[in-house]
Structure formats: structure tokens, C-alpha cells
Amino acid sequence: MKVMYVCSPLGGDIPHNVQRVKEAVTVLIQEAKDMSHVCTSVPMPMFLVPHFVLNNISFTDDGEVDRQWGLDMCLTLLGFCDSMTVIGDNHTPGMVTEINYAREKGIPIIVREEL
């Protein structure tokens, strides 16, 4: 099974950004299902969306977000992925770091500005 890392904004309006990535991943899953029906040799990928986990645990004792720890965790996870899908055209500093890391590692990047 191929693993696709989903890169999208989190900081700023966190509830809005989490909802946006949920909607984008729903579209990606439906597209993958449609493709697997058309071409049975294309397996359904697993979408790795660190927002759903790290959004809830990457906080310091005083309630502040430990962004560097969260980013380090994301980069570690990204290293295990077969590709990256970038959601939207407004790339945050964290996203730029993830995109650059994927480029350095030769991980294919798909940009989906419309999602």
C-alpha cells in the first residue's frame, strides 16, 4: 500500500484549517476509490494526515504549541511516505519546510491548489 502525506495549513485559524483538510482528504479518498474501480491494478493509498494527531498533542505544559516538536514529528512521518499532496496555494512556513524536505528526499509532490 502506498502512503500519501497530506500537507496543508494548520496554524492560524486551526478549526477552519482542520475542517478544510478533512474536506480535502474526503475528496482525495473519493478520487482514489474512483480510480481503483477504473484501474484495478492501482491500489488504494493510505492518506497520512498528521493534523489529526499532532493538533491535539503538540502542546507544552503551559498550553503553548511546541511547533518545532510537531514539525520534527511531521518530517519523520513524511520520510516514510511514497508521495506528498499539497493542499491549497497558501503555504505556511511549516508547509514550506515539509515541501523542501520532500524535495530533498526525492518524494514526489502533487499540488492541489483547488482543494
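The values are calculated or read from the model by the stated rules, or taken from the named source; none is laboratory data. Values in this document were obtained by computation on a predicted structure and should not be read as measured data. Backbone-built Cβ (ideal geometry, glycine too); neighbour counts: all protein chains shown.
Within region 72-88, the set of residues being in a helix (DSSP H, G or I), over 11 Å from Y101 (Cα atoms) and touching a helix residue (DSSP H, G or I) at 6+ places or on another chain (Cβ under 8 Å) comprises just one member, M73. Against the condition at pLDDT below 80 and either under 13 Å from V86 (Cα atoms) or surrounded by fewer than 11 Cβ atoms within 10 Å (Cβ to Cβ) (or both), how does V21 come out, does it pass? Against the criterion (at pLDDT below 80 and either under 13 Å from V86 (Cα atoms) or surrounded by fewer than 11 Cβ atoms within 10 Å (Cβ to Cβ) (or both)), V21 does not qualify.
For region 31-60, the tally of residues that are closer than 22 Å to G94 by Cα, part of a loop (DSSP other than H, G, I, E, B) and at pLDDT below 85 stands at 2. Contact map, region 8-36: residues that are under 17 Å from M46 (Cβ atoms) and of a type outside the set (A, V, I, L, M, F, W, C) paired with residues that are at pLDDT 90 or above and assigned to a helix (DSSP H, G or I), Cβ distance under 8 Å, separation 6+ or inter-chain. Pairs shown: S8/R20; S8/V21; S8/A24; S8/M95. A search for C-beta distances below 6 Å between a residue of region 89-115 that is under 14 Å from V6 (Cβ atoms) and any residue that is surrounded by 12 or more Cβ atoms within 10 Å (Cβ to Cβ) and hydroxyl-bearing (S, T, Y), counting only pairs 6+ apart in sequence or on different chains, returns P108/S83; I110/T85; R112/T85.
Could you please find all residues in region 75-96 being hydrophobic (A, V, I, L, M, F, W, C), touching a strand residue (DSSP E or B) at 6+ places or on another chain (Cβ under 8 Å) and either modelled with pLDDT under 95 or surrounded by 14 or more Cβ atoms within 10 Å (Cβ to Cβ) (or both)?
Passing the criteria: L77, L78, C81, M84, V86, I87, M95.
When region 97-115 is filtered for residues that are surrounded by fewer than 14 Cβ atoms within 10 Å (Cβ to Cβ), at pLDDT 95 or above and within 20 Å of A24 (Cβ to Cβ), the ones remaining, listed by number, are P108, I110.
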